[in-house]
Amino acid sequence: MADLFKKGLAVGLGLAQTGVEQAEKVIHQLVEKGDMTKAEAKEFFDKYYEKGEDTQNKTLNKLNIATKEDVKKIEARLAVLEQRLNDFSREE
């Protein structure tokens, strides 16, 4: 079951990357045709990318999977606890 989940997640992330690449291609074509300025293209792509990240984070949250931000927070808390433990050990 876990293996199937991992494969599904990999497929989903792959599709997301393909979507980003396809969006870049279409936006580049619009700029080349003069239908969109470079500034408009950048703004559009940034919004598209941000929305994709938001969707990805919501999906990971629903699946109860830790994000990079979650892991960084845990690492910071762990570092504090390790330091306290080291300080406590030195006092004895």
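The values are calculated or read from the model by the stated rules, or taken from the named source; none is laboratory data. Computed from a prediction, not measured in an experiment: that's the story for all the values here. Ideal geometry is used to build each Cβ from the backbone, glycine not excepted, and the neighbour counts take in all protein chains shown.
Quick look at the values:
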{"item": "Leading residue by the ranking (farthest from the chain's Cα centre (by Cα)) among those in the stretch 39-64 that are under 14 Å from Ala23 (Cβ atoms) and basic (Lys, Arg)", "result": "Lys42"}
{"item": "Answer residue from the stretch 58-70, given it is without any contact (Cβ under 8 Å) to a residue 12 or more places away in the chain and in a helix (DSSP H, G or I) and is nearest to Val31 (Cα to Cα) among those", "result": "Lys58"}
{"item": "From the options Lys6, Lys73, residue that is among the basic types (Lys, Arg), part of a helix (DSSP H, G or I), more than 13 Å from the chain's Cα centre (by Cα) and modelled with pLDDT under 85", "result": "Lys6"}
{"item": "Residues of the stretch 9-57 classified as outside any helix (DSSP H, G or I) and at pLDDT below 65, total", "result": "0"}
